[in-house]
1. Within 17 Å of the chain's Cα centre (by Cα) and either in the same structural domain as Glu83 (by TED's automatic domain parsing) or surrounded by 19 or more Cβ atoms within 10 Å (Cβ to Cβ) (or both): which single residue out of Ser317, Ser230, Ser290 fits that description?
2. Check Arg316, Arg356, Arg333, Arg351 and return the single one that is on the phi > 0 side of the Ramachandran plot and either touching a strand residue (DSSP E or B) at 6+ places or on another chain (Cβ under 8 Å) or in contact (Cβ under 8 Å) with a residue 60 or more places away in the chain (or both).
3. Just one of Gly393, Gly405, Gly410 is over 29 Å from the mean Cα position of the chain (by Cα), outside any strand (DSSP E or B) and touching a residue at least 40 places away in the same chain (Cβ under 8 Å); which is it?
4. Would you call Val455 in contact (Cβ under 8 Å) with a residue 12 or more places away in the chain and closer than 21 Å to Gly47 by Cβ?
5. In segment 198-205, is there at least one residue being farther than 26 Å from Met141 by Cα and either buried (at least 22 other Cβ atoms within 10 Å of the Cβ) or not assigned by TED's automatic domain parsing to the domain that holds Asn425 (or both)?
6. So, in segment 436-451, how many residues would count as being touching a residue at least 60 places away in the same chain (Cβ under 8 Å) and closer than 18 Å to Gly405 by Cβ?
7. Picking from Val378, Val350, which residue would you name as being in a strand (DSSP E or B) and surrounded by fewer than 24 Cβ atoms within 10 Å (Cβ to Cβ)?
8. Among the residues of segment 413-426, which ones are assigned to a helix (DSSP H, G or I) and touching a Leu at 6+ places or on another chain (Cβ under 9 Å)?
Amino acid sequence: MRMTVKALLVLGVFSISFAAGADEPVKLGTTRGLFFDPLLIQKIEGGASLKAHHPEPQEVVLKADRPWEGNTSAYFTIFQDGELFRMYYRGSHFDETTRKATHREVTCYAESKDGIHWTKPELGLFEFEGSKQNNIVWDGMGTHCFAPFKDENPACPPEARYKAISAGKPHGLYAFQSADGVRWRLMRETPIITSGAFDSQNLAFWDPHIKKYREYHRGFRDGVRDIMTSISDDFLTWPEPQFLRYNDVPKEHLYTNAIRPYFRAPHLLIGFPTRFLPAKEQVEPIFMSSRDGEMFHRWPDAVIPQTAPEDRDGNRSNYMTWGLVQLPADQGRLSVYATEAYYTGPASRVRRFTFREDGFVSLHANDEPGELTTVPFVFAGEDLTVNFATREGGEVRVEVQDIHGTPIDGCALDDGQPLVGDALNQNVIWKSDGALAAIQGRPVRLRWRVKNADVYSFQFREAN
């Protein structure tokens, strides 16, 4: 079986358009190549396919169990700030008997040294029921969906090192700033964006690849919840936002988006948008990726299914938080977080899940071997390292070809040692030592042959 333009994913019948016949070779350099990036893929043959992976469930890291929090606490934001992990979220509670909120919405704050054990510091900033002994970090306009980030723009002034956007009235998204991530104020009294529907986790961040700010927020397109975006040089002036574009996928309600640059390949953006299922008012996160931040490739299967532990099948009980971190004690794994128990019991919860590094989508094959060939690209470096894992009887082989598909002398498929086992950064060894150094800067292709194996990523590097 050969697929040159479209490939069926393992998890569900789903098609993705590949960048076959690109006019110019991709400039890869020493950046990481990932198999959720369709621009790199020319064709897939035989038993090979692309497989989207589920993260593994871990421990509950936070319960929204304080009097100013509750069972509708939501829109969690998590990021690493030096040796500290920060978390921001809405504190709110809903009485299912009276069908009313029991207190006003507030923005809460927690912090952690390891990303697993979180504390709720008594900030002393805002009063709740006569006391300031609480972790309320913001009160007033914007508490429904306050989403902060640390601004990595080198030109950012110290007093605005932390920024946030949130919904407010008059209708729109408003900009906030902080010097320490705890004490916040509006950057201006008028909204920065007014086109859209903002009762969701709207977010913004500095994109180091394009050296501009990006924002993503909710809008309605043809009666369906969808995602809009805009780009800014200064965070306060934004052009009219546009809807995202997608590969050939069904029209679906998308609630939150959780988009961010992937820190191991900053030229790529990934997102975990929340698919809303109106029939039962249930939600589930899916995975998507992009090179330009506007055209996204969506995978169909729920990243965290409603059957994952536990309490995820209720009304809006399965959101992915906006956060992707690598914990000090969990090298080789990436931690994401998702909510559970919305509307259930006294408190909603946040559970940690882990992916393998780069483990969102793999080149996959079982007993029937298969192949994938990349588009032409230009690399830099002298070694090729691979993130892969094989099963019993499995192996991975890779060949370097010229732009016409002819194997480079000494780097043919059978010239290299097969990759067997499980490694995050395994060097490919060919008969011709130093062949890569001689051809770096020239357009090449990679031909992968896999059997009972998954390949997650590859990277060209300078020799050790």
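1. Ser290
2. Arg316 is the lone residue from the list that is on the phi > 0 side of the Ramachandran plot and either touching a strand residue (DSSP E or B) at 6+ places or on another chain (Cβ under 8 Å) or in contact (Cβ under 8 Å) with a residue 60 or more places away in the chain (or both).
3. Working: Gly393 fails: outside any strand (DSSP E or B); Gly410 fails: touching a residue at least 40 places away in the same chain (Cβ under 8 Å).
Among Gly393, Gly405, Gly410, only Gly405 is over 29 Å from the mean Cα position of the chain (by Cα), outside any strand (DSSP E or B) and touching a residue at least 40 places away in the same chain (Cβ under 8 Å).
4. Considered against the rule, which asks whether it is in contact (Cβ under 8 Å) with a residue 12 or more places away in the chain and closer than 21 Å to Gly47 by Cβ, Val455 comes out as yes.
5. Scanning segment 198-205, I find no residue that is farther than 26 Å from Met141 by Cα and either buried (at least 22 other Cβ atoms within 10 Å of the Cβ) or not assigned by TED's automatic domain parsing to the domain that holds Asn425 (or both), so the answer is no.
6. First pass over segment 436-451, keeping only residues touching a residue at least 60 places away in the same chain (Cβ under 8 Å): 440-451.
If we keep only those that are closer than 18 Å to Gly405 by Cβ as well, we get 442-449.
The number of residues fulfilling the criteria is 8.
7. Answer to the selection: Val378.
8. If the condition is that a residue be assigned to a helix (DSSP H, G or I) and touching a Leu at 6+ places or on another chain (Cβ under 9 Å), then no residue fits.
The values are calculated or read from the model by the stated rules, or taken from the named source; none is laboratory data. Predicted, not measured: the structure shown is a model, and the values here were computed from it. In this analysis, Cβ positions are derived from the backbone assuming ideal geometry, glycine residues included, and neighbour counts consider all displayed protein chains.
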